[in-house]
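Q: One structure, pasted below without further comment.
The values are calculated or read from the model by the stated rules, or taken from the named source; none is laboratory data. The model shown is predicted, which means the values in this text are computed figures rather than measured ones. We place every Cβ from the backbone using ideal geometry, glycine too, and count neighbours over all the protein chains shown.
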Amino acid sequence: MTASELSAEFFARDAQAVAQDLLGKVVAHRVDGRWLRARIVEAEAYYIHEKGSHASLGYTEKRKALFMPPGTLYLYYARGGDSLNVSCRGEGNAVLVKGAVPHLVGDGAAVMLAAMHRRNPLPSGKRRTDARLCSGQTLLCRALGIRVPDWDGKALPQIRLRFLDVGYVPERIVRTARLGIPLGRDPHLPYRFVDLAHAGSATRPPMKRGAREGADYDILRP
């Protein structure tokens, strides 16, 4: 199936709608003469009015991308690793690309996968499983070679960094609370979205033991 590139208009919508619709889309980054690709399975929405967002802390030169037009890339360091976000409709609103799986299609898929593994081994130096290669925002950026200095503040579309629609739509989506939000900064808000079919490749399982549907998470059917 032919892939089509997402335009900036795709992001000019409510952040939760964008986060849901990003599931199944592909992030493609050209580095060292080769395209590296991952299909998004996890995304989080952020709004300026809630305390979990960077934008709620106010405008700074570092956070200016969040206040730029929809489709602007906002990258920052999380625990020493790079994180990829895109601004959405409304100043300060954005989506965090949280997790993905390698997108293995076409000629050269094996070579691409090997290149992604070389960029993102386990701390021991051993190879990660394919399913966990991009499980988390910093692992995703590391596997794809996406770095803060290269892309922060750049507007989509870009020649070497693309978001693609490859025709995949999740059958079911898990909606639950975001990860890593401290107490007192709205950790309860259900702004995390996970493709249920690839829940094992999310940063953490979205339905932990003892969790109850309707209380701790919801299942959405696009």
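Q: Looking at segment 194-221, I want the residues that are closer than 16 Å to Ala43 by Cα and have a partner that is of a type in the set (Ser, Thr, Tyr) with Cβ atoms under 7 Å, at least 6 apart or on another chain. Which pairs are those?
A: Ser201/Ser135; Ala202/Ser135; Thr203/Ser135; Pro206/Thr176; Pro206/Tyr217; Met207/Tyr217; Tyr217/Thr176
Q: Could you say which residue among Pro206, Pro222 is part of a loop (DSSP other than H, G, I, E, B), modelled with pLDDT under 95, more than 15 Å from Gly81 (Cβ to Cβ) and in contact with a helix residue (DSSP H, G or I) (Cβ under 6 Å, 6 or more places away or on another chain)?
A: Just a single option satisfies the conditions, and that option is Pro206.
Q: Mind listing whichever residues of segment 1-17 are without any contact (Cβ under 8 Å) to a residue 12 or more places away in the chain and either aliphatic (A, V, I, L, M) or touching a helix residue (DSSP H, G or I) at 6+ places or on another chain (Cβ under 7 Å) (or both)?
A: Ala17
Q: Six or more apart or on different chains, Cβ under 7 Å: which pairs go from a residue in segment 148-165 that's on the phi < 0 side of the Ramachandran plot to one that's in a helix (DSSP H, G or I)? Could you list them?
A: Asp152/Ala65; Ala155/Ala8; Leu156/Ala8; Leu161/Trp151
Q: While we're looking at this one, here's another question. Could you grab me the full set of residues in segment 26-82 that are assigned to a loop (DSSP other than H, G, I, E, B) and of a type in the set (Val, Ile, Thr)?
A: Scanning segment 26-82 gives Ile48, Thr60.
Q: Of the residues that make up segment 106-122, is at least one surrounded by fewer than 20 Cβ atoms within 10 Å (Cβ to Cβ) and either of a type in the set (Lys, Arg) or under 19 Å from Ala19 (Cα atoms) (or both)?
A: Among the residues of segment 106-122, at least one is surrounded by fewer than 20 Cβ atoms within 10 Å (Cβ to Cβ) and either of a type in the set (Lys, Arg) or under 19 Å from Ala19 (Cα atoms) (or both), which makes the answer yes.
Q: Still on this structure: Scanning for something within 29 Å of Asp14 (Cβ to Cβ), among the charged types (D, E, K, R), surrounded by 18 or more Cβ atoms within 10 Å (Cβ to Cβ) and touching a strand residue (DSSP E or B) at 6+ places or on another chain (Cβ under 8 Å), does segment 131-146 turn up at least one residue?
A: No, every residue in segment 131-146 fails to be within 29 Å of Asp14 (Cβ to Cβ), among the charged types (D, E, K, R), surrounded by 18 or more Cβ atoms within 10 Å (Cβ to Cβ) and touching a strand residue (DSSP E or B) at 6+ places or on another chain (Cβ under 8 Å).
Q: Kindly indicate whether Ala109 is small (Gly, Ala, Ser) and within 15 Å of the chain's Cα centre (by Cα).
A: no
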